[in-house]
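Below is one structure, written out as structure tokens; comments come after it.
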Amino acid sequence: MSTKVVIGAQWGDEGKGKTIDILAGKSDVVVRTSGGNNAGHTIEADGVTYKLHIMPSGILNPRTLNIIGMGVVIDPKVLIEEIDGMESQGISTKNLKIDSRAHVIMPYHIELDGLSEKARGKGDIGTTKKGIGPCYMDKTERSGIRMCDMINPEKFSTMVRENLKIKNKIIELVYGGTPFDADAVIAEYSAYAKRLAPYVTDTTPILYDSIKSGKEVLFEGAQGILLDIDLGTYPYVTSSHPISGGVCVGSGIGPKDIDECIGILKGYTTRVGNGPFPTELNDEVGEQIRQNGHEFGTTTGRPRRTGWFDAVIAKYAVRTNSLTSIVLNKIDPLGNIGKIKICTAYEKNGQIITDFPPTLEELAECKPIYEELDGWTEDISNIKDFKLLPIAAQRYVRRVEELCGCKIASIGVGPGRDQNIDL
Ligand code: GDP
Ligand code: IMO
Ligand code: MG
């Protein structure tokens, strides 16, 4: 029995949901540890498509316990919608537990996310406008409202009033927005609190006991390592820790309790939102990859920016997350696009750079160095055996593996549960 961490190893949307759903089928416990409903995880199971934002992907498996850890920020309205959506499809949520310490996304967080993005003008981050940043700001500022506070009516009412005294001033005086009515917010969110209270508990002893008794535990990553507040392309990042290290602080376990770290990558690169993207393709090939891979955001519907696979990023992911293996999803969209390129290193002022640079200024000076490989035209989406893939596809996967310096455990050739090839 083991504990596995699954993280996105690029800029998110690497197909984590699909891989987690497959692994969840063999897991006793699935834990979300960071981010909120900025995440959008698509799962295609038995002909049905599920889009999960905050609910752990293990929910589709009736025997799996699903934990939302304290590193997650929760929009109660969205979570209730997901619970209701699941229940109406006959999927029980009785195995869901929410940590008491998880912070609550309040309506003023969502408002402030939109207002601050607008105020940034051309320099906006391109956030999902779900209130993620402002909620984490309150958490670190120590004025945030946690799930345990929300289900305590008296404390909740006091905290909302205290918070709104300041938030309303910022909304009105700094941004010229419309203030919130404290009574209305308290009434609306108290109803959500009642609905969610049965799920709220201290999840840390449950998780500890599960690990100690040898259960199979899966930590479900959200976002991707380049969106990490410290290791990502700051400030074009999210406000949490989507790296493997974030799992410990987001769930209340120590690092020694992690056995495996699995990094999810796509056969190419995508990014939603603004910020640098060295291998971006603003041409016909980029558009073809977008169409072949249906690269449109699960959460916001925005077209995803597309580009070639970047091995500098992949190596950075392996190094900063102690990756023990890689899942390379979405190699099928690379079919029928002609020659395929891989970025093996960057060139900066005549120097070869193989370590992902820490600053935007250095990154802006980096030009990708490409290696060109043959493409393929065959439909590979129903192939189950690596040796039956076109030789060009096999070579592509093996070259990516070599460049990453980490074994590829499986590859994805389609969105379905069975569209994977174990290596
Ligand atoms: P996540 O945020 O990492 O869970 O990824 P998203 O769900 O936002 O985006 C990945 C999309 O690709 C989803 O629509 C998946 O159904 C789909 N997908 C996952 N793996 C594969 C694959 O190997 N091939 C193809 N064509 N689609 C895939
Ligand atoms: P999953 O889990 C892709 C991006 C946003 C924006 C930046 C900050 O589906 O891979 P935020 O709303 O978090 O303050 O936005 O982070 N972003 C994601 N991009 N996939 C995600 O999640 C993302 N979650 C946040 O687009 O650039
Ligand atoms: Mg996604």
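The values are calculated or read from the model by the stated rules, or taken from the named source; none is laboratory data. Being a predicted model, the structure only gives us computed values, none of them experimental. Because the Cβ atoms are built from the backbone with ideal geometry, glycine has one as well, and the counts that use them run over all protein chains shown. Surface areas here come from the heavy atoms of the whole protein model, side chains and all, with no ligands, DNA or RNA. Shrake-Rupley method; radii C 1.70, N 1.55, O 1.52, S 1.80 Å.
Which whole-number percentage describes the relative contact order of the chain, with Cα contacts under 8 Å and a sequence gap of 6 or more? Relative contact order here is 20 percent.
With +1 on each Lys and Arg Cβ and -1 on each Asp and Glu Cβ, how big is the dipole of the stretch 74-118 about its Cα centre, in debye rounded to the nearest 20?
Computed charge dipole of the stretch 74-118: roughly 200 debye.
For the stretch 284-323, the spread of Cα coordinates along the three principal axes comes to 32, 25, 12 Å, biggest extent given first. Could you give the angle, 0 to 90 degrees to the nearest 10, between helix 132-141's Cα long axis and the longest principal axis of the Cα atoms of the chain? Helix 132-141 and the main axis of the chain meet at about 60 degrees.
How charged is the neighbourhood of E188? Take every other residue with its Cβ under 15 Å from the Cβ of E188, and add Lys/Arg as +1 and Asp/Glu as -1. Spelling it out: positives minus negatives among the neighbours equals -1.
Per residue, the accessible area of the stretch 264-422 comes to 43 Å² when a 1.4 Å probe rolls over the protein heavy atoms. A cut-off of 5 Å between modelled amide H atoms, ignoring neighbours fewer than 5 places along the same chain, links G297 with R302, R304. Placing +1 on each Lys and Arg Cβ and -1 on each Asp and Glu Cβ, with no other charges, gives the chain a dipole about its Cα centre of roughly 480 debye.
With N the number of residues in the stretch 138-260, Rg(Cα) / (2.2 N^0.38 Å) evaluates to 1.35. Relative to the Cα centre, the charge distribution of the stretch 103-196, modelled as +1 at Lys and Arg Cβ and -1 at Asp and Glu Cβ, gives a dipole magnitude of about 220 debye. Residues in the stretch 244-251 carry Karplus couplings, in order, of 4, x, x, 4, 5, 6, x, 9 Hz; the curve used is 6.51 cos²θ - 1.76 cosθ + 1.60 with θ = phi - 60°, and Gly or Pro positions show x. Once the Cα atoms are used to define both axes, helix 182-196 deviates from the longest principal axis of the chain by about 60 degrees. Across all directions, the average flat footprint of the convex hull enclosing the Cα atoms of the stretch 74-131 is 5.2 nm². Taking the inverse of the mean 1/r over every pair of distinct Cα atoms in the stretch 245-312 gives a Kirkwood hydrodynamic radius of 14.2 Å.
Seen from V217, the other residues with C-beta closer than 12 Å to its C-beta sum to a net charge of -3, counting Lys and Arg as +1 and Asp and Glu as -1. Other residues within the sphere of radius under 9 Å centred on the Cβ of I408, judged by their own Cβ, net out at +1 (K and R +1, D and E -1). Note: relative contact order over the stretch 264-422, using C-alpha pairs below 8 Å and six or more positions apart, is 25 percent. Our summary of shape: the Cα atoms of the stretch 103-196 have principal axis extents of 41, 22, 22 Å, ordered from largest down, in whole angstrom. The alpha carbons of the chain stretch over 66, 49, 38 Å along the principal axes, in descending order. Ligands, DNA and RNA left out, the 1.4 Å accessible surface of the chain is 52% carbon and sulfur atoms. Built from the Cα atoms of the stretch 264-422, the convex hull projects on average onto 9.5 nm², one quarter of its surface area.
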